[in-house]
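So the structure is just underneath, and the comments pick up after that.
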Amino acid sequence: MNFVNLVNSLNSAIWALPVILLILGASIYYCIRMKFGTLRNWKLQFKLLFSGESSAEGISPLQTFCTVAAYRVAVGNVGGVAVAIMYGGPGALFWMLATSLLTSAIAYAENSLGQVYKVRQDGQYRGGSYNYIESGLGWKPVAIFYALLSLIAIPVFVVGPGANNIAMAFENSMGINPVITGAVVGILLFMVIAGGIRRIAKFSTIIVPIMTLIYFVLTAIILIANFREIPGTLSVIITSAFSKNAIFGGLFGSAVVFGVKRAVNSSGAGMGESVPSAAAAESPHPAEQGLVNAFSVYIDVAVCLCTGSMILITDCFNVLDKSGTFMHIGQGSSLMADQAATGTAGIVWVQEACNTVMPNIGGIVVAFCLLFFAFSTTIAYYYEGESALAYLFRGEDTKERTMAIWILRIVMPIMILVWSTVTAGTAWAVSEVALGLLVWVNAIVLIFMSNEVIKIYNDYMSQVKAGKKPYFNPQKLGIKNADLWMDGYK
């Protein structure tokens, strides 16, 4: 068995029905226990974005939100949607959006716990899933395993699709060699991550709103140009999602599986990737940061909807049936036949969709949008690796910890260059294996810590409803090992 076949086999095993049920089950469970609070309280969540400021040790809620949104708005929102539609049909888009909304509850859970168990290290707040696994559950071996997995999986493997799709986009639209693109992106990445979390947060606060707005405008142009096709496109999505479509109805199972799979990859909720950024924030109550970061799921959903709408309404998509034969090859662009011949799905679909209205220019604009989407996400991925490294080296002196972090800052740009030159299928498969392992560990942990999460949520909401300025006293809630919060409360 060669490497690609091995990775694909692992991918299929990890993302089998049990993990789909785990994610959906945990999401629904949290939604019910919180009375769908992460979906109902959107006005409060929006208000909290601008309610706090940064400090000498932590970044502001808005900076954290943009950093977390950088995780969520990524290549998974563009190329990932194309992959979901190729394997699950148009109905996969519906299940992708529905899953993303439900997983906002898991996003709240993991990010609020990240705040509870954050620590002060080297003059800044640090935290991650490994902190609440060790301090909240007392599972130190599991915490160390998860930290090692985060260090290896995120900066080395999960960055693959982003680097690959950037290279693919510029090769398709401007004919630039992937090696050149990978080298340039790697150098730019090093320049940003060399400044640590504060430079990362400042960069994300500027670039995330701009890139998202440009993508929304691009989508509006495509939809206006094809407004007569909107009702039919919506009908195809809904009927395919519930096995009622004459062409794609037989893909119901695949639509659900790939919709959920790509939703988790796109939003990152449940795998713990946004926890380090949440822990780095200055916040008066853990629930506040949980609600702020759960709100970023709305951005994720909106960008996924934009991508799916553009490629479906212009017929720039292909769909495989369960036997591996293409049951639909898009007629919106001549390149769709080439994409089918190579079994490729990704950024090219969106570029060709935009080229139907804005020839050549549309594809270039999408390439730059993806550059910013994937680049900002890659930067955020670096910080997750740095935080895991800081946890693993917490017993060492500052000099050794700093040296290890600088090694990571050098290695990660090199990996960007490597991933720019491999096939898209390999990049996605390796990334999904790494993500799946993280999801399995973190989602199970969140179920075990659900009572604590609900206590924190109810404590905060009761204070808000009473008109009080929320504060957090872990001792009152029976929460142990939240030492930093106890120091502050005293």
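Computed values, structure above
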| item | result |
| --- | --- |
| Residue 409 vs. criteria over 25 Å from the mean Cα position of the chain (by Cα) and of a type in the set (Lys, Arg) | no |
| Region 224-237, residues that are farther than 11 Å from residue 89 by Cα and part of a helix (DSSP H, G or I) | 224, 225, 227, 228, 229, 230, 231, 232, 233, 234, 235 |
| Filtered residues of region 357-382 (kept if part of a loop (DSSP other than H, G, I, E, B) and of a type in the set (Val, Ile, Thr)) | 357 |
| Where a residue in region 211-228 is closer than 16 Å to residue 372 by Cβ and β-branched (Val, Ile, Thr) and its partner, wherever it lies, is modelled with pLDDT under 90 and part of a helix (DSSP H, G or I), with Cβ under 8 Å and at least six apart | 212/69; 212/299; 212/302; 212/303; 214/365; 214/369 |
| Hits in region 118-151 (condition: assigned to a helix (DSSP H, G or I), without any contact (Cβ under 8 Å) to a residue 60 or more places away in the chain and surrounded by fewer than 20 Cβ atoms within 10 Å (Cβ to Cβ)) | 140, 141 |
| Residues of region 326-356 satisfying the condition of being assigned to a loop (DSSP other than H, G, I, E, B) and farther than 20 Å from residue 426 by Cα | 330, 331, 332, 333, 334, 356 |
| Test: residue in region 112-125 that is within 14 Å of residue 448 (Cα to Cα) and hydroxyl-bearing (Ser, Thr, Tyr) | no |
| Test: residue in region 266-285 that is over 30 Å from residue 153 (Cα atoms), at pLDDT 80 or above and buried (at least 24 other Cβ atoms within 10 Å of the Cβ) | no |
| Test result for residue 396, farther than 30 Å from residue 475 by Cβ, assigned to a loop (DSSP other than H, G, I, E, B) and modelled with pLDDT under 90 | yes |
| Tally of residues being at pLDDT below 90 and surrounded by 23 or more Cβ atoms within 10 Å (Cβ to Cβ) across region 316-362 | 4 |
| Selected residue (criterion: nearest to residue 448 (Cα to Cα)) from residues of region 25-47 that are of a type in the set (S, T, N, Q) and outside any loop (DSSP other than H, G, I, E, B) | 27 |
| Residue check, residue 211 touching a Phe, Trp or Tyr at 6+ places or on another chain (Cβ under 7 Å), in a helix (DSSP H, G or I) and not charged (D, E, K, R) | yes |
| Residue within region 60-77 that is modelled with pLDDT under 70, part of a loop (DSSP other than H, G, I, E, B) and surrounded by fewer than 24 Cβ atoms within 10 Å (Cβ to Cβ) present | yes |
| Identity of the residue in region 409-461, hydroxyl-bearing (Ser, Thr, Tyr) and either touching a Pro at 6+ places or on another chain (Cβ under 6 Å) or modelled with pLDDT under 90 (or both), that ends up nearest to residue 148 (Cα to Cα) | 431 |
| Within region 19-47, considering residues that are modelled with pLDDT under 85 and over 21 Å from the mean Cα position of the chain (by Cα), the one surrounded by the most Cβ atoms within 10 Å (Cβ to Cβ) | 41 |
| Candidate set from region 240-265 (those that are surrounded by fewer than 23 Cβ atoms within 10 Å (Cβ to Cβ) and in a loop (DSSP other than H, G, I, E, B)); member that is nearest to the chain's Cα centre (by Cα) | 242 |
| Test: residue in region 155-166 that is out of contact with any helix residue (DSSP H, G or I) (no Cβ under 6 Å at 6 or more places or on another chain), touching a residue at least 40 places away in the same chain (Cβ under 8 Å) and not polar (S, T, N, Q) | no |
| Boolean, residue 410 is more than 16 Å from residue 164 (Cβ to Cβ), in a helix (DSSP H, G or I), in contact (Cβ under 8 Å) with a residue 60 or more places away in the chain and of a type in the set (Val, Ile, Thr) | yes |
| Helices (runs of 4 or more DSSP H) contained entirely in region 419-490, each with at least 3 residues that are touching a residue at least 40 places away in the same chain (Cβ under 8 Å) and surrounded by 22 or more Cβ atoms within 10 Å (Cβ to Cβ) | 424-448, 450-465 |
| Which numbered condition residue 336 misses (of (1) without any contact (Cβ under 8 Å) to a residue 40 or more places away in the chain; (2) over 22 Å from residue 166 (Cα atoms)) | (2) |
| Residues that are closer than 30 Å to residue 31 by Cβ, outside any helix (DSSP H, G or I) and of a type in the set (A, V, I, L, M), drawn from region 271-325 | 271, 280, 281 |
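The values are calculated or read from the model by the stated rules, or taken from the named source; none is laboratory data. Just so it is clear, the model here is predicted, and its values are computed rather than measured. A quick note on method: Cβ atoms are made from the backbone with ideal geometry, for glycine too, and the neighbour counts reach across all protein chains shown.
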